[in-house]
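J.: Attaching a single structure in structure tokens format; questions to follow.
The values are calculated or read from the model by the stated rules, or taken from the named source; none is laboratory data. Since this is a predicted model, take the numbers as computed values, not measurements. Please note: Cβ atoms are built from the backbone with ideal geometry, for glycine as well, and neighbour counts cover all protein chains shown. Surface areas here come from the heavy atoms of the whole protein model, side chains and all, with no ligands, DNA or RNA. Shrake-Rupley method; radii C 1.70, N 1.55, O 1.52, S 1.80 Å.
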Amino acid sequence: MANGLYVHSEIGPLKKVLLHRPGEELLNLTPDDLERLLFDDIPFLEVAQAEHDRFAEILREQGVEVLYLEKLTAEALDAVPGAREEFTNQWLDESGLKGKAARAAVKEYMDSIKDTKTFVDKTIAGLRKEEIDLPANSSSLLADLVGSDQDGETDLLIDPMPNTYFTRDPFAVVGKGVNLNRMFSVTRNRETLYGKFIFKYHPDYKDAPLWYRRDSAYHTEGGDVLNLNAHTLAIGISQRTQAGAIDQLAQNMFWEKGDQCEIDTIYAFNIPVSRAFMHLDTVFTQIDVDKFTIHPGIMGTLQVFKLTKGAQQGEVKIEEMNDTLEHVLEKALGLDQVKLIKCGGGDPVAAAREQWNDGSNTLCVAPGKICVYQRNSVTNDVLYKEGLDLLVVPSAELSRGRGGPRCMSMPFAREDL
Ligand SMILES: NC(=O)NCCC[C@H](N)C(=O)O
């Protein structure tokens, strides 16, 4: 574990996980910005934090080391002279700020924050106009005179990043390396900066090989990536992950970085493009050696492609194998039978309601032991009767961002099975 990363499955005993405690970014969410910022409601921050603290505590009770994105980023920026300056400039480049004068004023404000962890929190929280002394209209640039209001009236100078607590998506640990993603939306793509600097400068993680880069041409997100075993990945072709990203990933994993990457097979699942099916992990998650929770909407024949390394340099073989999810997973895992447990049991009303609140998005901490949202009582009852050991996370507020326990976590290390 030279660089501290080691993930070869979805279910091996979890040793180390990355979270982000929701912070002041949720206080900069307004009803008008919800859709653009990919959020569905305004959470009550204090309760969201208490729920998240309980999630972290549940993980620690299971012997898991809990890391925080904001802390690792601050450590990375403090580790190398010039790293914080480099981060600030790139954060400003991607902040949507218009005008040189505004940029200079924000830079001065951010530089004045001495403590780096407080600085990192502020980059996530966003900035209100009232917080900055913008120079009077003395500039000769139209952009300074008009400012950011050209996109509509707003009290914000820089958008918050309310989805940062979904640490699953900006990057994904695969084996001993990382897919550093280019994300689907402009707003969430800013979250990938934290991973960029952690994997560039953090003393414990800087040697991690990158299987994908945030400057790639196609978008992809960690919620679409499932580590089936050391050699096999499942990836969704979804609203968030383009087929071209999977081609690029296969090239990098099989060839460009083939000497470091153990993955030799990728199953690409073509899932419907909709918010309910946002990522592969909103549709199914592995909960035991041979068990998965699923969204019932994914039953029936699926279009699936199997990508393997070809014989010629740079060649990737693609086989279309349209089949049921059950059969594809059996083949991929080399099992005679897998069991798919439906969100909501057989009840279509419960399935729709609980799927909306991530009933099939679970975090497995060991085979058969999973974190679930408390509010999904119908699904949880079914899982309990199937013999699963449930670690129940309070979820009244956390669920308002449309992500569950798997979305809120990025495993850094799991024991082998
Ligand atoms: N892996 C996941 O399904 N993550 C949930 C992300 C929810 C967030 N509001 C988003 O739309 O990106």
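J.: Looking at region 268-283, which of its residues are more than 15 Å from Gly222 (Cα to Cα) and away from the ligand (no atom under 14 Å from the Cβ)?
T.: Listed by number, the residues that qualify are Asn270, Pro272.
J.: Now a separate question. Select from region 204-236 the residues that are within 12 Å of the ligand (Cβ to nearest atom) and in contact (Cβ under 8 Å) with a residue 60 or more places away in the chain and write down the one among them that is farthest from the chain's Cα centre (by Cα).
T.: Top of the filtered list is Leu226.
J.: Given the criterion under 30 Å from Asn3 (Cα atoms), out of contact with any Lys or Arg (no Cβ under 7 Å at 6 or more places or on another chain) and within 16 Å of the ligand (Cβ to nearest atom), identify the matching residue among Leu69, Leu59, Leu34.
T.: Within the list Leu69, Leu59, Leu34, the selection yields Leu69.
J.: Just wondering, is there one or more residues in region 252-259 that are modelled with pLDDT of 95 or more, open to solvent by less than 10 Å² (accessible area, probe 1.4 Å), in contact with a Gly (Cβ under 9 Å, 6 or more places away or on another chain) and among the basic types (Lys, Arg)?
T.: No: zero hits.
J.: Please go through region 42-56 and pick out each residue that is open to solvent by 60 Å² or more (accessible area, probe 1.4 Å) and within 16 Å of the ligand (Cβ to nearest atom).
T.: Ile42
J.: Somewhere in region 274-287, is a residue buried (at least 16 other Cβ atoms within 10 Å of the Cβ), of a type in the set (Ser, Thr, Tyr) and assigned to a helix (DSSP H, G or I)?
T.: yes
J.: What pairs come up if the first residue lies in region 153-169 and is without any contact (Cβ under 8 Å) to a residue 60 or more places away in the chain and on the phi > 0 side of the Ramachandran plot, the second is of a type in the set (S, T, N, Q) and within 10 Å of the ligand (Cβ to nearest atom), and their beta carbons are under 8 Å apart, counting only those six or more places apart or on different chains?
T.: Close Cβ pairs satisfying both conditions: none exist.
J.: Can I ask one more? Going by the conditions given, is Tyr194 open to solvent by less than 20 Å² (accessible area, probe 1.4 Å), within 11 Å of the chain's Cα centre (by Cα), within 16 Å of the ligand (Cβ to nearest atom) and in contact (Cβ under 8 Å) with a residue 24 or more places away in the chain?
T.: The answer is no for Tyr194.
J.: Restricting to region 311-337, what's the tally of residues that are at positive phi and either out of contact with any helix residue (DSSP H, G or I) (no Cβ under 7 Å at 6 or more places or on another chain) or part of a strand (DSSP E or B) (or both)?
T.: Qualifying residue count for the region: 1.
J.: Taking region 289-310 as the region of interest, how many residues are open to solvent by 30 Å² or more (accessible area, probe 1.4 Å) and either outside any loop (DSSP other than H, G, I, E, B) or modelled with pLDDT of 95 or more (or both)?
T.: Qualifying residue count, region 289-310: 11.
J.: Okay, next question. Would you mind finding the one in Gly244, Gly297 that is within 16 Å of the ligand (Cβ to nearest atom) and not basic (Lys, Arg)?
T.: Gly297
J.: Does Thr187 qualify as being surrounded by fewer than 21 Cβ atoms within 10 Å (Cβ to Cβ), part of a loop (DSSP other than H, G, I, E, B) and over 12 Å from the mean Cα position of the chain (by Cα)?
T.: So Thr187 does not fit the description; no.
J.: What helices (runs of 4 or more DSSP H) lie completely within region 66-134 and have 1 or more residues being open to solvent by less than 60 Å² (accessible area, probe 1.4 Å) and under 18 Å from Pro162 (Cα atoms)?
T.: Qualifying helices (runs of 4 or more DSSP H): 69-79, 83-93, 116-125.
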